[in-house]
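Notes follow the structure.
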Amino acid sequence: MCGECFVCGGGGWLTNMKKIFVVGSTGSIGCQTLDVIRAYREQFEVVGLCAFGNQTERLCEQAKEFAPQTVGIYDESKRDSDCVKTLVQTGVQRDKKVRLCFGQEALTCVADTDAELVVVACSGMIALHAVVAALRAKKNVALANKECIVACGTAVLSLAKRQGVTIVPIDSEHSAIAQCLRVEKDKARLSRILLTASGGAYYECTREQLEKVTVQDALKHPTWQMGNKITVDSATMVNKALEIIEAKHFFETDKIDYCIHPQSIIHSMVEYNDGSIIANLSNPSMKIPIMLAIADARQPVGARRLDFDALGGLRFLPKNESVFVAPLLAKQLIQKDNLYPCVFNTANEVAVQKFLSGQIAFVDIVPFVQNALQMDFGMNLASTPTIETAFACDQGVRERLVR
């Protein structure tokens with residue numbers, strides 16, 4: 001943990017970050033990143049865009065607007081789509097050839113660009129390919145992806161340090177923690193990190209009520225507009241579990257706790273040994289941590305100012321770990337550096353997809369993950385993860401569980 005830089009790495013705080021590659025540009029965080037860049041065009045140049053999902057037309061529209069050198073499309077079937085053909089023609093008309101990458105190459109094409117900063121804005125282990133490619137090419141990374149750090153955080157952060165580059169979190173919670181930690185630079189004086197959780201839409205529901213939650217219900221988050229996977233993770237509290245594991249790696253401590261704060265006004269807190277707590281507050285806006293991550297600067301991004309008279313007070317709820325057990329599992333998992341967090345992450349990805357496709361119920365998601373943690377996948381899960389073993393673990397667990 002470092003008081004001088006946002007997150008420990010070889011490069012310190014990101015400075016003069018102008019040329020940016022956005023991985024996952026069509027998702028919620030990716031679109032908001034481009035909103036920030038659009039508002040400060042004189043400071044940033046988009047040199048690359050990449051999308052993993054089915055939003056190819058949105059990606060092509062982004063490419064027409066920002067005219068990047070490289071466009072990555074993971075879905076091979078989109079090679080001959082009309083919008084891709086139009087994108088190529090637009091590049092010819094501008095006398096600027098567009099490099100198109102498909103499939104596996106789309107995941108790693110960040111390495112062959114002149115980007116100074118790679119914003120990884122997509123969810124899922126698939127993003128680890130892009131993160132590793134960027135780090136090996138000595139590019140700084142602004143990371144909105146939890147799964148990479150959860151699966152093999154020590155290996156990823158060690159790679160960044162060896163390469164002399166920095167990984168900065170975009171998550172509002174980890175951005176808030178990093179800002180709070182700059183107040184006191186002596187790690188020995190840290191008492192605990194306090195992550196805040198909205199609790200999602202169902203934290204005050206009984207088990208019986210949770211059994212009736214539909215996919216449509218689960219995708220309605222009370223305070224944040226996010227992608228489907230992370231919205232479901234928020235409702236099950238798995239999102240907070242992932243953030244606990246992520247915080248252990250980013251800030252090199254297992255002194256991590258959480259509290260339920262439905263308003264999402266306090267983004268996270270740090271408590272010191274004298275009992276004082278430093279907190280980061282704002283109205284919910286991902287554009288604030290995005291701006292900090294890509295520019296290390298506090299500049300207006302359109303976030304509403306807090307009106308304390310109208311707010312009336314800050315609300316907290318007691319923990320309900322008898323129903324929402326995922327954070328408790330995470331606090332157990334961070335005690336050792338092994339592959340079990342990777343199993344946890346992959347099993348959750350599979351479970352969420354099964355829920356979204358109607359194969360399991362909402363209340364079955366976390367038990368599905370708990371069961372996976374007890375299974376034998378034919379590998380040494382007690383070993384310290386490397387990038388390679390994390391990929392192998394993810395593949396092995398996924399193949400077994402999707403059956």
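Tabulated data
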read-out: The chain: relative contact order in percent, alpha carbon pairs under 8 Å with at least 6 residues between; value: 17
read-out: Protein accessible area in the chain, 1.4 Å probe - carbon and sulfur %; value: 47
read-out: Simple label model, 7 Å out from Cα along Cβ direction - residue 219 to residue 99, nm; value: 3.6
read-out: Residue-by-residue Karplus 3J(HN,Hα) for region 170-177, coefficients 6.51, -1.76, 1.60, Hz, glycine and proline x; value: 9, 2, 4, 5, 6, 4, 5, 4
read-out: Cα-projected label distance for residue 207 with residue 314, points at 7 Å along beta-carbon direction, nm; value: 3.3
read-out: Table column - 3J(HN,Hα) (Hz), region 289-295, Karplus curve with 6.51, -1.76, 1.60, x for Gly and Pro; value: x, 5, 4, 4, 6, 8, 9
read-out: Ranked order, 158, 264 - accessible area, probe 1.4 Å, largest first; value: 158, 264
read-out: Fraction of beta bridges assigned by DSSP in the chain that are antiparallel (%, nearest 5); value: 30
read-out: Solvent-accessible ranking of 185, 212, largest area first, probe 1.4 Å; value: 212, 185
read-out: Summed side-chain charge close to residue 231 - residues other than residue 231 whose Cβ falls under 15 Å, Lys, Arg +1, Asp, Glu -1; value: -1
read-out: Calculated semi-axes √(5λ) of the Cα gyration tensor in Å (choose from (i) 110, 27, 21; (ii) 36, 31, 20; (iii) 31, 26, 22), label; value: (iii)
read-out: Three-way shape call for region 280-347 based on the alpha-carbon gyration tensor, with the a/c threshold at 1.5; value: oblate
read-out: Where labels lie 7 Å past Cα in the beta-carbon direction, separation of residue 298 and residue 42 in nm; value: 2.2
read-out: Helix-only CD estimate at 222 nm, as mean residue ellipticity for the chain, using -39500 (n - 2.57) per DSSP H run (n ≥ 4); value: -12500 deg cm²/dmol
read-out: Residue (of 370, 327, 381) at the positive-pole extreme of region 304-403, dipole from beta-carbon charges; value: 327
read-out: Heavy-atom surface of the chain, accessible at 1.4 Å and reported per residue (Å²); value: 42
read-out: Mean projection area, nm², convex hull over Cα of region 155-209; value: 6.6
read-out: Among 349-359, 372-382, 28-38, the order from most to least packed when residues are scored by Cβ within 10 Å on average; value: 28-38, 349-359, 372-382
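The values are calculated or read from the model by the stated rules, or taken from the named source; none is laboratory data. Just so it is clear, the model here is predicted, and its values are computed rather than measured. Counting neighbours? That spans all protein chains shown, and the Cβs are built from the backbone with ideal geometry, glycine included. Note: accessible area is taken over every heavy atom of the protein model, side chains too, but ligands, DNA and RNA are not part of it. Shrake-Rupley method; radii C 1.70, N 1.55, O 1.52, S 1.80 Å.
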